[in-house]
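Take a look at the structure set out below.
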Amino acid sequence: MVVNLSKQYSLLSDWVSELRNVDIQNDRMRFRRNLERIGEVAAIEISKTLAYTPTDIQTPLGISVCNLLSKQPVLATILRAGLPLHQGLLNYFDRADNAFISAYRKHNKDGSFEISLEYVSCPELEDRTVIISDPMLATGASLVKTIQYLRDEGHPSEIHVVCAIACTVGIEYVLRSEPKAKIWCGAIDDELTAKGYIVPGLGDAGDLAFGNKVQM
Ligand SMILES: O=P(O)(O)OC[C@H]1O[C@H](OP(=O)(O)OP(=O)(O)O)[C@H](O)[C@@H]1O
Ligand SMILES: O=c1cc[nH]c(=O)[nH]1
Ligand SMILES: [Mg+2]
């Protein structure tokens, strides 16, 4: 399942346009906050698909039956660009457990790259909803490697993926590997450069959020 959140005509498409816009995207605080806001909207949308338990809540004047989230999800994010999106999800799923994965593009001298997965910090995943955030779903290689790792660690009951911009080929790759994943994205673009950048995309999300890094 793929949900393009910009299709719902909300303020979210303004925020995606600011992420893309070369005249606005270099304001790092605004760039991070826009990713965070997309995470917040995705949290509400995903929360509509989860299970709730009617629970008696004592108020000063009586009992109110409130629907409470039956089980806390696990919020997993891919370092480093995933952090602001993750924070947005965590603002709403504020009792969730969290996982951090360092899946990054390790570049070779010839310009090719492979995904290097080095650091993982992860809670118990058995039978839990896992929500993975990464702003850019380009080739899908980082996400597929991450999902395979999380699947080997435990048996999540369902997997949601949240991204700001997803490329069609990347979506297809993720869904081939994980057909039941639910992908929530701010926008979908059709092109990928030879170096694996999304077109029109927005550039390098990690650099725009946190500054340039030296190639490893
Ligand atoms: O779908 P893929 O082709 O795998 O590409 C997407 C990945 O690339 C970016 O990370 P990057 O390697 O730039 O690391 P960063 O977050 O440190 O910038 C992005 O945040 C994704 O994790
Ligand atoms: O377009 C892309 C692709 C991968 N990572 C990014 O930050 N941008
Ligand atoms: Mg990057």
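The values are calculated or read from the model by the stated rules, or taken from the named source; none is laboratory data. Note that the structure is predicted; figures quoted are calculated from it, not measured. Neighbour counts are summed over all protein chains in view; Cβ atoms, including those assigned to glycine, are modelled from backbone coordinates with ideal geometry. With ligands, DNA and RNA removed, areas are computed over all heavy atoms of the protein, side chains included. Shrake-Rupley method; radii C 1.70, N 1.55, O 1.52, S 1.80 Å.
The residues of region 84-94 that are open to solvent by 50 Å² or more (accessible area, probe 1.4 Å) and touching a residue at least 24 places away in the same chain (Cβ under 8 Å), listed by number, are Gln87, Asn91, Tyr92.
Considering region 111-130, the residues that are under 17 Å from Arg80 (Cα atoms) and in contact with an Asp or Glu (Cβ under 9 Å, 6 or more places away or on another chain) include one that is surrounded by the most Cβ atoms within 10 Å (Cβ to Cβ), namely Cys122.
For Ala141, the test of being out of contact with any helix residue (DSSP H, G or I) (no Cβ under 7 Å at 6 or more places or on another chain) and crowded, with 16+ Cβ neighbours inside 10 Å is passed.
Determine whether region 92-101 contains at least one residue that is in a helix (DSSP H, G or I), more than 19 Å from Ile188 (Cβ to Cβ), away from ligand 1 (no atom under 13 Å from the Cβ) and at pLDDT 95 or above.
Checked against the condition, which is being in a helix (DSSP H, G or I), more than 19 Å from Ile188 (Cβ to Cβ), away from ligand 1 (no atom under 13 Å from the Cβ) and at pLDDT 95 or above, region 92-101 yields at least one hit.
Please count how many residues of region 160-216 are within 14 Å of ligand 3 (Cβ to nearest atom) and more than 20 Å from Tyr104 (Cα to Cα). Looking only at that region, the number is 0.
The single condition from (1) open to solvent by less than 60 Å² (accessible area, probe 1.4 Å); (2) at pLDDT 95 or above; (3) over 16 Å from the mean Cα position of the chain (by Cα) that Leu61 fails is (1).
If you filter region 190-215 down to residues that are out of contact with any Ser or Thr (no Cβ under 8 Å at 6 or more places or on another chain) and open to solvent by 90 Å² or more (accessible area, probe 1.4 Å), you find that the one that is farthest from ligand 1 (Cβ to nearest atom) is Pro200. Considering only residues in region 113-145 that are in a loop (DSSP other than H, G, I, E, B) and acidic (Asp, Glu), the one that is nearest to Thr168 (Cα to Cα) turns out to be Asp134.
Among the residues examined, Asn108 does not qualify as within 16 Å of ligand 3 (Cβ to nearest atom), closer than 28 Å to Gln215 by Cβ, surrounded by fewer than 20 Cβ atoms within 10 Å (Cβ to Cβ) and more than 13 Å from the chain's Cα centre (by Cα). For region 13-55, a residue qualifies if it is within 16 Å of the chain's Cα centre (by Cα) and over 23 Å from Val74 (Cβ atoms), and the qualifying residues are Trp15, Val16, Leu19, Phe31, Arg33, Asn34. Looking across region 30-56, the residues that are open to solvent by 30 Å² or more (accessible area, probe 1.4 Å) and more than 17 Å from His86 (Cβ to Cβ) come down to Arg30, Lys48, Thr49, Ala51, Tyr52, Thr53, Pro54, Thr55, Asp56. State whether the residues of region 8-21 include one that is without any contact (Cβ under 8 Å) to a residue 12 or more places away in the chain and at positive phi. The answer is yes; a qualifying residue exists. Contact map, region 146-174: residues that are part of a helix (DSSP H, G or I) paired with residues that are of a type in the set (S, T, N, Q), Cβ distance under 7 Å, separation 6+ or inter-chain. Pairs shown: Ile147/Ser177; Val169/Thr139; Gly170/Thr139; Tyr173/Thr139.
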